[in-house]
1. Filter region 75-126 for residues that are assigned to a strand (DSSP E or B) and without any contact (Cβ under 8 Å) to a residue 12 or more places away in the chain; which is nearest to residue 39 (Cα to Cα)?
2. Quick one: which of 19, 107, 28 is more than 24 Å from residue 5 (Cα to Cα) and loosely packed, with under 14 Cβ neighbours inside 10 Å?
3. Starting from region 3-15, keep only residues that are at positive phi, then list their pairs with residues that are of a type in the set (Val, Ile, Thr) and surrounded by fewer than 10 Cβ atoms within 10 Å (Cβ to Cβ) whose Cβ atoms are within a distance under 6 Å, requiring at least 6 positions of separation or different chains.
4. Could you say which residue among 53, 67 is under 22 Å from residue 119 (Cβ atoms), among the acidic types (Asp, Glu) and within 13 Å of the chain's Cα centre (by Cα)?
5. How many residues, within region 1-39, are under 20 Å from residue 74 (Cα atoms), among the aliphatic types (A, V, I, L, M) and either in a helix (DSSP H, G or I) or over 16 Å from the mean Cα position of the chain (by Cα) (or both)?
Amino acid sequence: MLDYTVLKDKGGLVPWPRLEDLPFAKVLEGKPTHMGRFDLGGFGMRTMAGVWECTPGKFQYTYPGDEICTLLAGKLRVTDENGKVHNYTAGDIFYTRKGEVAVWEILETVRKVFFIHDPDAAKLAA
């Protein structure tokens with residue numbers, strides 16, 4: 001069992017590839033940097049879970065898998081592909097589907113727990 005009442009504060013976050021270098025992200029404002037930790041799976045796996053953190057900035061993101069997020073800290077504004085604006089703070093939970101395009105505007109450094117499932121990925125998480 002992954003118990004995020006404990007794991008959310010575990011630490012162990014490491015720098016992830018720059019957002020500018022990801023094929024599914026486009027930085028629009030600022031210099032957001034992100035880091036994370038996988039507790040299940042890893043990049044390119046069919047199932048992934050862990051903790052992610054990002055500094056303020058704005059970027060467009062095309063979701064590489066279905067994802068559910070629980071925001072642990074910070075303030076975030078997400079504009080979905082229909083132009084609807086969603087404001088999130090600690091404790092909020094939201095879901096996005098694979099291929100959905102959204103603009104993330106991180107107003108205060110965010111930390112989230114994520115669970116991603118990509119049915120098209122080649123490998124299952126171990």
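What follows is calculated from the coordinates using simple rules that are stated; it is not laboratory data. This is a predicted model, so every value here is computed, not measured. Neighbour counts run over all protein chains shown; Cβ positions are idealised from the backbone, glycine included.
1. Here is the first cut: in region 75-126, the residues assigned to a strand (DSSP E or B) are 75-79, 85-89, 93-96, 101-117, 123.
From the residues that got through so far, the ones that are without any contact (Cβ under 8 Å) to a residue 12 or more places away in the chain too are 85-86.
Values: 85: 30, 86: 27 Å.
Ranking the qualifying residues of region 75-126, first place goes to 86.
2. On the way: 19 fails: loosely packed, with under 14 Cβ neighbours inside 10 Å; 107 fails: loosely packed, with under 14 Cβ neighbours inside 10 Å.
Of the residues listed, the single one that is more than 24 Å from residue 5 (Cα to Cα) and loosely packed, with under 14 Cβ neighbours inside 10 Å is 28.
3. Between residues of region 3-15 that are at positive phi and residues that are of a type in the set (Val, Ile, Thr) and surrounded by fewer than 10 Cβ atoms within 10 Å (Cβ to Cβ), there is no close pair.
4. Details: 53 fails: under 22 Å from residue 119 (Cβ atoms).
It is 67.
5. 4
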